[in-house]
Amino acid sequence: MTSPLKPGAATGPRTDRPRRRRVGAGARRGVPLPLLLPGLLALAFLLLPLLALLVRTPWRTLPDQLAGTEVWQALQLSLVTATAATAVSLVLGVPLAWLLARTEFPGRGFVRALVTLPLVLPPVVGGVALLLALGRNGVVGRWLDSWFGITLPFTTAGVVIAEAFVAMPFLVISVEGTLRAADPRFEEAATTLGASRFTVFRRVTLPLIAPGIAAGAVLAWARALGEFGATITFAGNFPGRTQTMPLAVYLALQNDPDAAISLSLVLLAVSIAVLAGLRDRWMTGA
Amino acid sequence: MTRSVRRTRRMLKVAGAGAAALLSLSACSSSSDSSGSSGSADSAKSTGTGSSASPKLSGDVTVFAAASLKESFTALGKEFEQQHPGTKVTFNFGGSDTLAASITGGAPADVFAAASPKTMKIVTDKQDAAGTPATFVRNQLEIATLPGNPHKVASLKDLTRSGLKVVLCDKTVPCGAAAQKALDAGHLKLTPVSYEQDVKSALNKVELKEADAAVVYKTDVHAAGDKVQGVEFPEAAKAINDYPIVLLKNAPNAEAAKAFIALVQSAEGQKVLSGAGFLQP
């Protein structure tokens, strides 16, 4: 119990005296053991599976594994659909976040909880729900089919919808948080100067919360890229049309684990590149 | 204490493996003279020193079985628990590939019943089976269509019509491999709207009316009741799946597991299985 107060115990008693003279630096440098150990364990726990993936990657046959057209089809489809899902999330999600943060209406807390439900919902459940709503025989999908001849399951649009359903809450949460943190006085000032509410939103609010939107978009994009359950349930699995990378990985695992490892590696590399490239720039700023 | 428990368990395992080898040998030899019931009688004889009816079986039996066996094995499990009070049969139903992967990964299971010899081979190749797997049933493909068959599907060839949404299993899973074999046998080319990851999800797409037809097992059409309508097709005879069953080497409860396998192979078990639409081996 006392050890967090005595960081010297962790690093050795010899350094006790000089440490006491410069308390500030010492407190920052000495890490209490009860925090250090679990922290390192957590780090190992999160990184070990990824390291295992690297260790077990069949590097020698990797080029052959990745040369298959189906791999590139799946990767390309993944990138395109994740980007489209992010665009959908931006167009619909930012206004929703604004409504949640800047307006008052009864039951707002409940609505906010509902909006974030896909965050915790098992994606397969999301896929089933989408089928029941937008499927050919679904509550809304039935009319889409008979009026416009549009059926969403088994189409690339279906993949985008499944991904947007799962990814949009990330954007909404991020943008709403930024909106709440943003100083409303700028907007009030603009309003008093005669700007309409939409002009204020466009010219003042949007630039103000841009980092938050960017962070949310990155999160949503990454989530959409990894989406599996809702996609395979709602959009099915057809190479080139609805087979995204996670689906390709899952099916490859059935009969060719090496191929699954190689595909996973590609997805991992893409995700790391995006998160590392964008996170430092925007997430911390938000 | 734990060490002694472990030691006795290991001894049990060795004994179980030996007995299972005997059992599978006898099952093999009996399968050549073709009757399922004589097979179970043989196995009862070969393990007669310990098991058969009188000495009490107890404890949990864990059975990993292909998803298509769900209905019939659940019924057989209840039957087994009634015949042997004090036992409990726990099932893990899933895709045969997935089950095989968990078994080779060390999942504690007593019995493995797969939907294809290929998936069974994953387990036997890793030396995780005690003895040789025995085919206990066979399954045939059937087309599942919407109730009332609104698209008038009468043959496998009808599925190639344009505008018809057909779902197949992925080629990596047994039902998909069988479907491909049937299509090849009929010299047909079929572009489905989706390759599903297992037979139940292929069937689901028809049950939800998202797809117009799916190529699934006869037993699945049977189990779906009146939610789908089955259409038989001659090419199915070229793509019949054998279902092998085996006692696992690290079975925690080998004695009871052997009795369960014997029940599956007995006349009584075969009656339940053919009632579900399976063919006799």
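The values are calculated or read from the model by the stated rules, or taken from the named source; none is laboratory data. Note that this is a predicted model, so its numbers are computed, not measured. Quick reminder, even Gly has a Cβ in these numbers, built from the backbone with ideal geometry, and neighbours come from all protein chains shown. Accessible surface areas use protein heavy atoms only, side chains included; no ligands, DNA or RNA. Shrake-Rupley method; radii C 1.70, N 1.55, O 1.52, S 1.80 Å.
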### Summary
With criteria (1) open to solvent by 70 Å² or more (accessible area, probe 1.4 Å); (2) at pLDDT below 90, A:Pro207 comes up short on (2)
### Query
When residues of the stretch B:213-227 are filtered for being over 22 Å from B:Ala65 (Cα atoms) and either surrounded by fewer than 23 Cβ atoms within 10 Å (Cβ to Cβ) or touching a Phe, Trp or Tyr at 6+ places or on another chain (Cβ under 7 Å) (or both), how many remain?
2
## Note on the structure
Within the stretch B:120-157, of all residues that are over 15 Å from the mean Cα position of the chain (by Cα) and of a type in the set (Lys, Arg), the one surrounded by the most Cβ atoms within 10 Å (Cβ to Cβ) is B:Lys157
### Query
For A:Arg180, all conditions in the list (1) open to solvent by 20 Å² or more (accessible area, probe 1.4 Å); (2) touching a residue at least 24 places away in the same chain (Cβ under 8 Å); (3) in a loop (DSSP other than H, G, I, E, B) hold save one; what is the number of the exception?
(3)
### Task
Would you check if there is a residue in the stretch B:81-95 being free of Cβ contacts under 8 Å to residues at least 12 places away in the same chain, under 20 Å from B:Ala178 (Cβ atoms), open to solvent by 30 Å² or more (accessible area, probe 1.4 Å) and more than 16 Å from the chain's Cα centre (by Cα)?
no
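Listed here are the residues, each with its yes/no results for (1) free of Cβ contacts under 8 Å to residues at least 24 places away in the same chain; (2) surrounded by fewer than 24 Cβ atoms within 10 Å (Cβ to Cβ); (3) not acidic (Asp, Glu).
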site	(1), (2), (3)
B:Glu196	no, no, no
B:Ala211	no, no, yes
B:Gln229	no, yes, yes
B:Glu255	no, yes, no
B:Gly277	no, yes, yes
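How many residues does the stretch B:231-253 hold that are over 22 Å from B:Gly131 (Cβ atoms), open to solvent by less than 50 Å² (accessible area, probe 1.4 Å) and more than 14 Å from the chain's Cα centre (by Cα)?
5
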### Query
In this structure, does B:Lys181 turn out to be farther than 30 Å from A:Leu132 by Cα, over 16 Å from the mean Cα position of the chain (by Cα) and in the same structural domain as B:Leu146 (by TED's automatic domain parsing)?
yes
### Query
Taking only pairs six or more apart or across chains, which ones have beta-carbon atoms under 6 Å, a first residue in the stretch A:232-245 that is over 13 Å from B:Val167 (Cα atoms), and a second residue that is open to solvent by 10 Å² or more (accessible area, probe 1.4 Å) and among the acidic types (Asp, Glu)?
A:Pro239/A:Glu70
### Among (1) more than 18 Å from the chain's Cα centre (by Cα); (2) within 18 Å of A:Thr156 (Cα to Cα), the one test that A:Leu208 misses
(2)
### Summary
Within the stretch A:240-252, the residues that are facing another protein chain (nearest Cβ under 8 Å) and more than 22 Å from the chain's Cα centre (by Cα) are A:Leu251, A:Ala252
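Listed residues A:Val120, A:Val94; which is open to solvent by 60 Å² or more (accessible area, probe 1.4 Å) and of a type in the set (A, V, I, L, M)?
A:Val120
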### Message
I'm told B:Asp220 meets every condition in (1) in contact with a helix residue (DSSP H, G or I) (Cβ under 6 Å, 6 or more places away or on another chain); (2) assigned to a helix (DSSP H, G or I); (3) within 24 Å of B:Gly86 (Cα to Cα) except one. Can you identify the failing condition by its number?
### Response
(3)
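Any idea which of A:Phe165, A:Phe201, A:Phe170, A:Phe154 is under 23 Å from B:Pro192 (Cα atoms) and of a type in the set (Phe, Trp, Tyr)?
Result: A:Phe154 is the single residue among A:Phe165, A:Phe201, A:Phe170, A:Phe154 that is under 23 Å from B:Pro192 (Cα atoms) and of a type in the set (Phe, Trp, Tyr).
If you take the residues in the stretch B:187-197 that are facing chain A (nearest Cβ under 8 Å) and part of a loop (DSSP other than H, G, I, E, B), which one is farthest from B:Val167 (Cα to Cα)?
Step by step, filter the stretch B:187-197, then rank; the result is B:Gln197.
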### Task
Restrict the check to the stretch B:158-178 and report whether at least one residue is within 13 Å of another protein chain (Cβ to nearest Cβ), without any contact (Cβ under 8 Å) to a residue 12 or more places away in the chain, assigned to a helix (DSSP H, G or I) and under 24 Å from the mean Cα position of the chain (by Cα).
no
### Summary
Restricting the stretch A:247-280 to residues that are in contact with a Ser or Thr (Cβ under 7 Å, 6 or more places away or on another chain) and within 22 Å of A:Ala235 (Cβ to Cβ), the one surrounded by the fewest Cβ atoms within 10 Å (Cβ to Cβ) turns out to be A:Val249
### Message
Going residue by residue through the stretch A:145-168, is there one that turns out to be over 29 Å from B:Val166 (Cα atoms) and surrounded by 17 or more Cβ atoms within 10 Å (Cβ to Cβ)?
### Response
yes
### Message
So, B:Lys200, is that one under 26 Å from B:Thr132 (Cβ atoms) and part of a helix (DSSP H, G or I) or not?
### Response
no
### Message
Suppose we keep only residues that are touching a strand residue (DSSP E or B) at 6+ places or on another chain (Cβ under 8 Å) and farther than 19 Å from A:Leu247 by Cβ within the stretch B:181-194. Which one would you say is least open to solvent (accessible area, probe 1.4 Å)?
### Response
B:Ala182
### Message
Here are the criteria: (1) modelled with pLDDT under 90; (2) closer than 23 Å to A:Val94 by Cα; (3) among the basic types (Lys, Arg). Tell me which single one A:Arg180 does not satisfy.
### Response
(1)
### Task
Kindly indicate which of A:Leu171, A:Leu114 is under 20 Å from the mean Cα position of the chain (by Cα), touching a residue at least 40 places away in the same chain (Cβ under 8 Å) and away from chain B (no Cβ under 13 Å).
A:Leu171
